[in-house]
Amino acid sequence: MGKIIGIDLGTTNSLAAVWEEGKSCLIPNSFGEYLTPSVVSLGEEGIVYVGKTAKERLISHPDRSVSLFKRFMGTDKTYKIGGKKYHPEELSAFVLRRLKEDAERYLGEPIEEAVISVPAYFNDMARKATKNAGELAGLKVERIINEPSAAALACRGQAQEEDETFLVFDFGGGTLDVSLVDCFDNIIEIIAVSGDNRLGGSDFDEEIARQFCKENDLDFDSLSPQRRGVILDSACRAKCVLSEKKDVTMQVTDGEFRGQMELNNKKLIEISMPLFQRMSVPVKKVVNDGKKDMLEVSKTVLVGGSCKMPAVKQYLRHLLSECRILAMNPDYMVALGAGTYAGIKERKEDIKDLLLTDICPFTLGTGIFNERDAKHLLMSAIIERNSVLPCSRTERFQTVKDYQKNVSVNVYQGEEYYAANNIHLGTIMMGVPLAPKGKETITVCYTYDINGILIVDVTVDSTGEKTRQVITTGAGSISPEEMEKRVKELEKMKLSPAGQESNQMILAWGERLFAQTTGMIREEVGKRLDYFQHLLYVEQDVYKVEKFKSGIKKFFQNVENYLDEAGISWEPDDVDSWYQEEGEEEEETQEECDIWYEGHLTH
Ligand code: AMP
């Protein structure tokens, strides 16, 4: 049996891990880094760039580059790049192929199988699309794992602690997932999950951007999409600086407009107080749903990029005062957990007895007739949220009209009272014998497997006629023939060779910096870019390329640092005053957190 890798296919970055020598180990990419940006860019020559190079090309070649496609997994959305349309699962397949090839190079053997993590809120279609993406990338994906459950597994897999109950607080760019986990002996049991899939780092970006507009006489809601994008981008960068430094000056230059705002963590909390209050809701809910007392929870593990915000850590410390807050490595936990699961799946001796039991994070049900208002079907739960997986539940329903010809079973996911307010996953139509209302009955059985994929069986009780459907509407469904065709098409497209990638990355990086700067800096960037292209394509002198590379990278990094600190398009008088070839500038030491948040927040 070949090695299995675990993959965290993230919205912003993706990572791979493998179980080796008794632990889950991250796999470096061709840059020697663990994070591969989930960005795809098509080169004019038909070469596909994935990762860091593609991320640079987002700005230098915006019409040929895409990111954030994970948000639309399992939908019919397409992205047009280089004159061709791609589904999110095809773009994800490029990312998976890159990770697969990097893993093969690193491990020195072919990889045919992967365990991929998905957000807990991913519906059935998005999960299937993720499996399809794996298949398109030439990977067998038998197991999909929920991201917070993967993080829980990583905690247990890394630190063999006593039996305990803990929380996983997974706070990403657009969603918050909170899981309550019980560990005893070799069993890791997810007891309850809750979350807010409309709360994430981007909400903080928006609050900062709104405050910026207020202070600079702009109306956020009536900004052009382009200017709004520039301000949001700058807000996001200011937010990230605050995880390293005490304060930051957010500066925005866009055409004629110039504006700035001072920001520190205290101000950030004040302007985004409602977001902090929303954060506490799923924490309390999950402890209630899991029928635990907060005192039984020994620690909270922080996962996801937004947990890097000192304000978030402090708020949790305040909210969960009795419990240890562990921020081991928010970016890596999910991948490490997926790698641990890959080890379990490979039945590695040191881990084969570890058992992860997961739960269904949402309710699955069907729409039933509403006697008071026939137009608005009601949600009837079949599999309740937090049911242990795999699970199978059966319900019986009867006809509601005299001599009704058909019954339709509409499958919904969600917690809302009215069926239409939940996510519609599919419909199964069945003919029933003509009879007075209430005389005919059908039995509906939902089976939800450990990958979170739903099978619905409907039986007409009087005739015994059965229909089975693996819910396959929308982009989640691809016929085997279509899959083969798409695999062949994607195989024809070549990923950029790993060895040449770093040169392409430097070119794309330079092109972006050229677009972002003005005046002397821009001139200096341009000169280096010209010279590097000359070495690569005219002189083709490998020795000189390598020699020049570290200098140019250092220069670009200094430009980058400068842009981060000063805001884009600020014209300095003299390059020498900010640029130091040796990179001598000292990192500002992080201040110990004050307790100024006391009294600001409510339980
Ligand atoms: P994830 O989905 O886990 O990759 O998290 C992405 C979110 O984390 C985005 O909203 C980022 O803006 C945010 N993020 C990443 N790094 C930082 C940082 N250093 N400080 C604050 N937020 C961050």
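First check a/c for segment 301-399, with a ≥ b ≥ c the square roots of the eigenvalues of its C-alpha gyration tensor; if it is under 1.5, answer rounded, and if not, answer prolate when a/b is larger than b/c or oblate otherwise. Oblate, because a/c is 1.5 or more while a/b does not exceed b/c. Taking the average, over residues, of other Cβ atoms within 10 Å as the packing measure, peptides 337-345, 377-385 rank 337-345, 377-385 from highest down. Amide H contacts of V115: I5, G6, I7, each under 5 Å away and 5 or more positions distant or on a separate chain (H built 1.01 Å from N in the peptide plane; Pro and chain starts excluded).
Distances between placed amide hydrogens fall under 5 Å for W19 paired with C25, G343, all partners being 5 or more residues away or on another chain. Rounded if a/c is under 1.5, else prolate if a/b beats b/c, else oblate: with a ≥ b ≥ c from the C-alpha gyration tensor eigenvalues square-rooted, which is segment 220-297? Prolate, because a/c is 1.5 or more and a/b exceeds b/c. Does segment 106-218 come out rounded, prolate or oblate, given a ≥ b ≥ c as the square roots of the eigenvalues of its C-alpha gyration tensor, rounded meaning a/c under 1.5 and, failing that, prolate meaning a/b above b/c? Note, shape of segment 106-218 comes out oblate.
Take every DSSP beta bridge whose two residues both sit in the chain; close to 75 percent of them are antiparallel. If you bin all the Cα-Cα distances of segment 242-364 at 10 Å, starting from zero, the percentages per bin are 10, 27, 31, 18, 10, 3, 0. Taking 18 Å as the limit for the C-alpha separation, the pairs K128/K492; K291/K313; K3/K345; K299/K348 exceed it in the case of K128/K492; K291/K313; K299/K348.
Against the main long axis of the alpha-carbon atoms of the chain, helix 333-345 sits at an angle near 50°.
Descending by average beta-carbon neighbour count within 10 Å, the peptides 536-544, 9-17, 179-187 line up as 9-17, 179-187, 536-544, the highest first.
For the chain, the longest principal axis of the Cα atoms and the long axis of helix 519-533 meet at an angle of about 80 degrees.
The angle separating the long axis of helix 498-516 from the principal Cα axis of greatest extent in the chain is about 70 degrees. Listed by chain and number, the lysines whose C-alpha is less than 20 Å from the C-alpha of K466, apart from same-chain residues fewer than 8 away, are K405, K439.
What does the helix-only formula give at 222 nm for the chain: each DSSP H stretch with n ≥ 4 adding -39500 (n - 2.57), the total divided by the residues, and the result rounded to the nearest 500 deg cm²/dmol? For the chain, the value works out to -11000 deg cm²/dmol. Around the Cα centre of the chain, unit charges on the Cβ atoms of Lys, Arg, Asp and Glu (plus for the first two, minus for the last two) sum to a dipole of about 2420 debye. The accessible surface of segment 1-123, taken with every protein chain in place and a 1.4 Å probe, is 48 percent carbon and sulfur. Its residue count N fixes a reference of 2.2 N^0.38 Å for segment 1-140, and the Cα radius of gyration divided by that reference is 1.01. Of the trypsin sites (Lys or Arg not before Pro) in segment 102-211, the ones in a loop by DSSP (not H, G, I, E or B) with at most 14 other beta carbons within 10 Å are R198. Between T463, A435, P480, the Cα set farthest toward the positive side of the dipole of segment 388-514 (charges on each charged residue's Cβ, about the Cα centre) is that of A435.
Roughly speaking, what % of Cα-Cα pairs in the chain are separated by over 36 Å, rounded to a whole number? Pairs farther apart than 36 Å: 44 percent.
Considering only N123, T340, V542, the residue lying farthest towards the positive end of the dipole of the chain is N123, judged by Cα position with unit charges set on Cβ. Close amide H partners of A192, meaning residues 5 or more places away or on another chain with modelled amide H under 5 Å apart, are L180. The chymotrypsin sites (Phe, Trp or Tyr not before Pro) of segment 376-438 meeting both criteria, a DSSP state outside H, G, I, E and B (loop) and at most 16 other C-beta atoms within 10 angstrom of the site's C-beta, are Y403, Y417.
The values are calculated or read from the model by the stated rules, or taken from the named source; none is laboratory data. No experiment lies behind these values; they were computed from the predicted model shown. All Cβ positions, glycine included, derive from the backbone under ideal geometry; neighbour counts span all protein chains shown. Just the protein is used for accessible areas: all its heavy atoms, side chains included, with ligands, DNA and RNA removed. Shrake-Rupley method; radii C 1.70, N 1.55, O 1.52, S 1.80 Å.
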